Amino acid sequence: MPGSTPMAVVEADDALWQEYQDLTVRAYGHQVEDIARLRAHADTRVAVRDGRVIGGGLALEVPQFYGGQPVPGVCLAGGCIAPEARGSRLWSTLLEERLRPLKEKGAVLATAWTASTGYGHHMGWAAPTQVYSWTVPTDDLRSIGDGSRFDIVHDADDQAQEHQQVMAGDWNGPWQRPSWWATWQQAEHPGMTHYRFSLPGRTPGGLLAIAFDRDPAGSRRLIVHDFWAASMEAATAMLGFLGGHHSRIPTVMFQRTALPPVPLLQNHLRRAGAASATSWHPWMLRVLDPAEAVRRRGWPEDLDLALPLSLHTDADSPAAPAPMLLRITSGTGDLTPHSGGRNELGLTPRQFAHWYAGGYRTSASALLDGVRGEPRSVAQLVRATAEREPWMPEYF
């Protein structure tokens with residue numbers, strides 16, 4: 001019977017990884033060059049059945065900022081199953097087997113970009129925010145801001161990279177970028193250029209990474225890959241700088257991870273409809289260890305609460321949810337077993353991940369998503385993570 005032989009998930013040696021690289025061409029329909037580029041930095045595992053590789057992927061062990069603190073996590077990339085082996089829940093089995101050794105090593109979060117959002121939701125993954133790329137006529141950016149007060153320096157230095165990490169901590173989700181980040185990105189986007197924006201005598205207030213290519217009609221366009229701004233003044237100066245390319249470049253495109261999920265363009269463009277948005281599949285988050293994730297995350301210093309939670313520990317488990325107590329005080333949090341109580345909150349793994357990332361901006365959005373509890377308790381829960389918004393500036 002086809003597919004009856006058990007699947008084994010193993011760490012890939014050179015031969016198995018070459019077989020997996022060949023498989024990805026069949027699965028994706030094109031060569032995936034990042035698989036080779038990232039292998040040296042990743043945990044690489046493949047699924048083998050009857051002596052043949054039928055799936056696999058990479059896992060990048062990279063902390064991510066939540067509540068201003070780096071939380072240990074893994075970012076899953078390059079995953080696929082052979083077309084002839086799909087079905088029978090192989091993907092969920094492969095995913096669990098890829099994550100198991102990483103959880104044992106201390107990963108408490110997992111993140112992935114995926115088009116299979118429904119499947120991810122069923123497995124306890126959350127999509128905390130929508131993802132768009134933006135396309136704007138270059139000429140429309142010219143008058144947004146005056147960057148004359150800023151020193152604009154080509155090529156970011158170590159100080160600028162350190163400040164990028166400070167700005168990353170203002171959001172929920174960005175990587176604590178590893179030392180190999182810049183080299184990988186330069187290989188991924190040849191010709192990418194960096195600029196640093198600083199007021200005289202100040203630390204960098206803005207960082208920009210751009211490249212150039214051609215749009216589907218063949219015209220030149222500017223692609224924004226990184227857009228980090230510490231203030232509105234820096235952000236508008238950077239937009240105005242991009243508009244300064246108008247004489248040769250008719251279009252600026254902010255790639256799907258470039259702009260934070262705030263109405264920056266909409267609030268500053270003079271022509272309604274000048275910017276067009278394209279929706280992309282979102283990044284998804286799964287909390288592998290809720291108690292440790294709460295302990296490692298940053299929390300508002302002024303928050304003091306104790307909320308009973310009814311938390312499902314497994315999206316597919318028929319077992320009763322586990323009663324827990326969430327305590328947050330003086331910037332620290334813990335999640336511990338609890339005997340239960342009246343009016344407790346009820347969250348599924350997906351809802352917990354969505355909340356953890358700051359995806360619920362109001363109690364109304366949480367209640368509409370099915371979070372169970374009294375409105376006052378839900379409002380308290382939402383406030384705990386709404387201080388920072390979710391944003392994933394890295395695409396992997």
Original post:
Extension gain Arg376-Glu162, at 0.36 nm per residue separation less the Cα-Cα distance, in nm?
Top reply: 73.1 nm
**OP:** Could you compute the FRET efficiency for Arg142 and Ala187, with r as their C-beta to C-beta distance and R0 at 25 Å, rounded to 0.05?
**Re:** 0.15
Subject >> Highest-first arrangement of 150-163, 283-296, 93-106, where packing means the average Cβ count within 10 Å >> reply: 283-296, 93-106, 150-163
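What ranking of Phe212, Phe254 comes out by heavy-atom accessible area, probe 1.4 Å, highest first? Intermediate results must be reported in sequence, preceding the final value.
Working: Phe212 85, Phe254 0 Å².
Result, largest first: Phe212, Phe254.
Segment 177-242: which trypsin sites (Lys or Arg not before Pro) are DSSP loop and have at most 14 other beta-carbon atoms within 10 angstrom?
Details: sites: Arg196, Arg202, Arg214, Arg220, Arg221; in loops: Arg202.
Loop-located and lightly packed - Arg202.
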**OP:** Pop out the carbon and sulfur fraction of the accessible area of the chain as a percent, whole number, probe 1.4 Å.
**Re:** 49
Original post:
So what J values fall out for segment 194-211 if you push phi through Karplus, 6.51 cos²θ - 1.76 cosθ + 1.60 with θ = phi - 60°, rounded to Hz, Gly and Pro as x?
Top reply: 10, 9, 10, 10, 9, 6, x, x, 10, 6, x, x, x, 9, 9, 10, 9, 8
Original post:
Under a 1.4 Å probe, what is the accessible area of segment 219-348 per residue, stated in Å²?
Top reply: 47
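If I take every Cα pair under 8 Å that is 6 or more residues apart in the chain, average their sequence separation and divide by the length, what percent do I get for the relative contact order?
19
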Original post:
If you line up the Cα atoms of segment 54-202 on their principal axes, what length do they span on each, largest first, in Å?
Top reply: 60, 36, 28
**OP:** Quick one: which residues, 5+ away or cross-chain, put their amide H under 5 Å from the amide H of Gly145? H built at 1.01 Å from N.
**Re:** Gly240
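I need the shape label for segment 283-396. Rule: rounded when a/c is under 1.5, else prolate if a/b > b/c, else oblate, with a, b, c from the alpha carbon gyration tensor. Mind showing how you got there, number by number?
Numbers: a/c = 1.33, a/b = 1.14, b/c = 1.17.
Rounded shape, in that the Cα axes give a/c under 1.5.
List the trypsin sites (Lys or Arg not before Pro) within segment 3-60 that fall in a DSSP loop (any state other than H, G, I, E or B) and whose Cβ has at most 16 other Cβ atoms within 10 Å.
Values: sites: Arg26, Arg37, Arg39, Arg45, Arg49, Arg52; in loops: none.
Passing both the DSSP loop test and the Cβ count: no residue.
With a 1.4 Å probe and all protein chains in place, put Asp146, Asp139 in order of accessible area, largest first. Display every interim value, and only then the final one.
Numbers: Asp146 115, Asp139 90 Å².
I get Asp146, Asp139, largest accessible area first.
As a check on your grasp of the helix formula, calculate [θ] at 222 nm for the chain: sum -39500 (n - 2.57) over DSSP H runs of n ≥ 4, divide by the residue count, round to the nearest 500.
Numbers: 12 runs with 110 residues, N = 396.
Taken over the chain, the calculation gives -8000 deg cm²/dmol.
With a probe of 1.4 Å, find how much accessible area segment 39-87 has per residue, and write the answer as a whole number in Å². Display every interim value, and only then the final one.
Numbers: 1520 Å² over 49 residues.
For segment 39-87, the per-residue accessible area is 31 Å².
Let me have the relative contact order for segment 68-113, percent, based on Cα pairs under 8 Å that are six or more residues apart. Mind showing how you got there, number by number?
Values: 27 pairs, mean separation 33.6, N = 46.
About 73 percent, as a whole number.
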Original post:
Along the positive direction of the dipole of the chain (beta-carbon charges: Lys, Arg +1; Asp, Glu -1; about the Cα centre), which of Tyr28, Thr117, Gly298 reaches farthest?
Top reply: Thr117
Original post:
Where nothing but the Cβ of Lys and Arg (+1) and of Asp and Glu (-1) is charged, how large is the charge dipole of the chain around its Cα centre, in debye to the nearest 20?
Top reply: 780
Original post:
Which cross-chain or sequence-distant (5 or more) residues have an amide H under 5 Å from the amide H of Val131, H modelled 1.01 Å from N in plane?
Top reply: Trp280
**OP:** Apply the Karplus parameterisation 6.51 cos²θ - 1.76 cosθ + 1.60, with θ equal to phi minus 60°, to every residue of segment 131-148 and state each ³J(HN,Hα) to the nearest whole Hz, in sequence, with x for glycine and proline.
**Re:** 10, 10, 9, 10, 10, 9, x, 4, 4, 6, 8, 4, 9, 5, x, 9, x, 5
Original post:
At His281 and Thr332, where each label point lies 7 Å from the Cα along Cα→Cβ, what is the point-to-point distance in nanometres?
Top reply: 4.1
Subject >> Using θ = phi - 60° and Karplus 6.51 cos²θ - 1.76 cosθ + 1.60, couplings along segment 66-76 (whole Hz; Gly, Pro as x) >> reply: 9, x, x, 10, x, 10, x, x, 10, 10, 8
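In percent, how large is the relative contact order of segment 1-80, given Cα pairs closer than 8 Å and 6 or more residues apart?
Details: 119 pairs, mean separation 22.2, N = 80.
It rounds to 28 percent for segment 1-80.
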Subject >> Highest-first arrangement of 257-269, 356-368, where packing means the average Cβ count within 10 Å >> reply: 356-368, 257-269
Original post:
If you compute Cα extents along the principal axes in Å for the structure shown, which of (1) 62, 55, 38; (2) 67, 66, 37; (3) 90, 58, 57 do you land on?
Top reply: (1)
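The values are calculated or read from the model by the stated rules, or taken from the named source; none is laboratory data. Keep in mind it's a predicted model, so treat the numbers as computed, not measured. Positions of Cβ are generated from backbone atoms using ideal geometry, with glycine treated the same way; all protein chains shown enter the neighbour counts. Surface areas here come from the heavy atoms of the whole protein model, side chains and all, with no ligands, DNA or RNA. Shrake-Rupley method; radii C 1.70, N 1.55, O 1.52, S 1.80 Å.
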